[in-house]
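Step one of this worksheet: look at the structure below.
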Amino acid sequence: MDRKRLRPFHIVLGLGLGFAAFTIASGIASTITEFESSARITRHPWENIPNGWKAAFYTIIPIFLVWSAWEFAKRVKNWERGGPDNRRTTTANVRTRLEDLRRGVYMRTLLREPGAGIMHSMIYVGFIILLGVTTTLEIDEQLPDGAKFLHGRVYQVYSAVGDIAGAVFLVGVLWAIVRRYGPRQLRPYRIRIKSRPEHAVILGTFLAIGITGFGVEVFRIAHHGVPDFEKWSVISYQIAGQVRGLEGLDHWHQFWWVGHVITFVAFLVLLPITMLRHMFTSPVNMYLGDKDRPKGAMKPMPNLMETDLESFGAATVEDFTWKQLLDTDACTMCGRCTSVCPAHATGKPLDPREIVLKTGEVMAATGDPVVSPPLGTVPEIKVEANSLFERITGEEIWACTSCKACDEICPVNIEILDKILDMRRYLSLMESDFPSELGQAYRSMENSGNPWGMSQGDRGAWAEEFEGITVLDGGNPLESEYLYWVGCAGSFDDKNRKVTRAVAKLLQRAGVSFSILGPAENCTGDPARRSGNEYIFQMLAMQNIETLNKMGVRKIVTQCPHCFNTLANEYPQLGGYYEVVHHTQFLEGLIDSGRLDMTGARLDERVVYHDSCYLGRHNDVYLAPRRVVGSLGGVEVVEAPRNGTKGMCCGAGGARMWMEETIGKQVNVERSQELLATGADRIATACPFCYIMIDDGVKAEGSGEDVVVGDISMHLLEALENRDTDREAARRADLLTVRTRTPRSEPETLEPAAQPQPLEPAAQPQTTEPAATPDTAPDPTPTRTPAAEPTRQPDDFTRIKGTDPALARALPEHGINTYEDLAALDAAAVRDLETALEIPGRISKWKWPAQAAALIAEHEEPD
């Protein structure tokens, strides 16, 4: 029964037969009817072409149309070797599919890189218009004289469109030739490393189509005597005027006509067997881009505890889906994925384009029937078996950071990351072929519930210093509005505990009702899943889902994009449905609603935000973090050259956090250098892995003292606390001003209790004025004896943030002995002190006077 079912390759073959039949019918009809136009301003398609040549045309073209369809059908049959993949068009996704197709047809995805986009658009649009011009002429030929429309002004506009389109097409082809074979500085790296002989054949064929097309038009006009109405052929008419005096114009016209037909036949031959096929496969691939899972989710797998499957992941062509195999023939080989891959950029063996092409090579070589590879290969490359690892190495697969930059940049929606992760599943689950460092992470997740291998009892230790945070045991219902999912890094990593505390303080400031799980929280399983170990992922995920569902959790806030992605996009595959929000999104909402008052919160510094891959490309959250940073007064937000959808990975995704980086330059160093080059005083992150990697990279560059790296919540909290400190200092200054406003006419009475103890022997009493005797009248002016003058030790300046012991010792040498001295400094005095201490900008940056005023307020109550 299955053999009788209509299959995709039948449809392709049927389309080819249909076009061939239409072409034959068109030739027969025009020969029988012989409809001719009586208009003077028109064109006669077959004028000066012998009938035998016309018959040959209508015979040869259909033959090659069928041959081309047959070769295409064989490729489609190869795609059918893949497994199922639900890409059906439904009422729910039809609008998205059509929009994706429109973006491809209109070249919007290609135009993200203007140079290549405009070039491709010129070739594509020019070719399509020329094909339309030819088809329009063929249709007009079949109509009786009264119904023909290509005459008069319509014909002249038609001629102008054809000439202009031909010129655009030729310029695009010449541009492509220069980009691939011109001077080195004009050839992008991604093009230079992947040029093959078939590129020259394709471009040569296109060039010949364009030149012979103009040749036919020029000598047709010249053969007619260059009539004035042909001036609308704006290019051909001018050239025709130059060749009108040649002998044998009829033969010249026939020569160019034959050449044009031959080049078109060559196009039909090349179409299915070279990368030229992407003219058809790429739009189809774009139309089928929308899938039945979220953008950031991996392909689901059955419950490994219950399934009867004997193999997991992808090791052979058949282990991929049919859509993944279509990808290999839709690839344009443009290399944009190569250009944005952080692993490739830092000298690792991974090249995303090669993953696609090598998969296609194995598919082509092991097909039944065998077909040509996606792109020509050198003779030395042999595929002996239906194994992806005949061409793809483990080093390539494990170098991936799963940043999704390749998928995001691809102009034709090829899903490269899925292929890599599927092969990781095979290597991890079936071969145990993974980097040795991952083994420890796997054991830690399996035994301790986190990849750090720390005791689960310490998960909530950070909350001990807080009041009002409920640590749940996982058994009782959640009574708070939100569950704060801290994550492994936020619980165990020293740097990221600062982030956790900052987020908790911000939530408390905004009056958010939240609780944490503490020891009842396990790793979400993201590192296990991204490294291919679906078994550990499902074990951890099912435990978490059971806990969350039992507690009735519905709303979750998390500071980790990896946790965010897993909880929101992948737990539904196992029955866990929750409203999950990243802390930057949540903070944005709190700020917009006024619950988190940002009035007066400032950072008078330059800040650059580093995009998290799992927040950005995996979940399209780009603006929320930037808006939170932008809510601070005085801040100058700058962008790194690679930002947003093109942001560069920190190097820790895809479980690379737990693998050694021994090949090439470290990814985090590359990214840190780029961020430092912006001249930013602060680098804001929104991911615990990014925080660790960028902070390490900045310190490796020797900028750890000059540039502050921290999560957005840390920068936000610091600005708010500085505001509060400034407000308290201002309040304190006002109170001190009131205290010092005493009338000068009254004697000053110094209360002993209010004075510091003198550094004199206790036997000498402190005297404020001499005792009154009959012989001496009281002196109205209070006096002090020199022995009673108090001296005060310098205050502890190490309590001021931004100082160090050396600076604390140096301050008294410059007249700053007390907190009062420091609090009294104005802006000019601050600059002078910074110059004297050779610490330009540090006192202003850390607001030492405001800190000093706050310390005064801590120890001294106002009257």
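The values are calculated or read from the model by the stated rules, or taken from the named source; none is laboratory data. Here the structure is a predicted model, which means the values were calculated and not measured. Don't worry about glycine lacking a Cβ; one is built from the backbone with ideal geometry, like all the others, and counts go over all protein chains shown. For the accessible areas, the whole protein counts, side chains as well, though only heavy atoms, and no ligand, DNA or RNA atoms are used. Shrake-Rupley method; radii C 1.70, N 1.55, O 1.52, S 1.80 Å.
Numerical summary
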{"item": "Selected residue [at pLDDT 95 or above, surrounded by 18 or more Cβ atoms within 10 Å (Cβ to Cβ) and farther than 14 Å from residue 537 by Cα] from 426, 442", "result": "426"}
{"item": "Given (1) open to solvent by less than 20 Å² (accessible area, probe 1.4 Å); (2) in a helix (DSSP H, G or I); (3) closer than 19 Å to residue 353 by Cα, number of the condition residue 283 does not satisfy", "result": "(1)"}
{"item": "Residues that are open to solvent by 10 Å² or more (accessible area, probe 1.4 Å) and assigned to a helix (DSSP H, G or I), drawn from the range 528-544", "result": "535, 539, 542, 543"}
{"item": "Qualifying residue in the range 714-721 (condition: closer than 17 Å to residue 608 by Cβ, open to solvent by 30 Å² or more (accessible area, probe 1.4 Å) and either out of contact with any strand residue (DSSP E or B) (no Cβ under 8 Å at 6 or more places or on another chain) or outside any loop (DSSP other than H, G, I, E, B) (or both))", "result": "yes"}
{"item": "In the range 791-845, the residues that are outside any helix (DSSP H, G or I), over 18 Å from residue 725 (Cβ atoms) and open to solvent by 70 Å² or more (accessible area, probe 1.4 Å)", "result": "791, 792, 793, 838, 840"}
{"item": "Complete set of residues in the range 446-476 that are touching a residue at least 24 places away in the same chain (Cβ under 8 Å) and farther than 16 Å from residue 490 by Cα", "result": "446, 468, 470, 472, 473, 474, 475, 476"}
{"item": "Residue in the range 227-240 that is of a type outside the set (A, V, I, L, M), under 18 Å from residue 133 (Cα atoms), out of contact with any Gly (no Cβ under 6 Å at 6 or more places or on another chain) and open to solvent by 40 Å² or more (accessible area, probe 1.4 Å) present", "result": "yes"}
{"item": "Scope the range 577-594; condition at pLDDT 95 or above and in a loop (DSSP other than H, G, I, E, B); matching residues", "result": "577, 578"}
{"item": "Wholly enclosed helices (runs of 4 or more DSSP H) of the range 315-423 bearing at least 1 residues touching a Gly at 6+ places or on another chain (Cβ under 6 Å) and modelled with pLDDT of 95 or more", "result": "322-330, 352-365"}
{"item": "Conditions (1) among the β-branched types (Val, Ile, Thr); (2) in contact with a helix residue (DSSP H, G or I) (Cβ under 8 Å, 6 or more places away or on another chain); (3) open to solvent by 10 Å² or more (accessible area, probe 1.4 Å); number of the one not met by residue 470", "result": "(2)"}
{"item": "Subset of the range 679-701 (residues that are farther than 26 Å from residue 349 by Cα and surrounded by fewer than 16 Cβ atoms within 10 Å (Cβ to Cβ))", "result": "679, 699"}
{"item": "The range 655-669, residues that are buried (at least 19 other Cβ atoms within 10 Å of the Cβ), touching a residue at least 40 places away in the same chain (Cβ under 8 Å) and not hydrophobic (A, V, I, L, M, F, W, C)", "result": "656"}
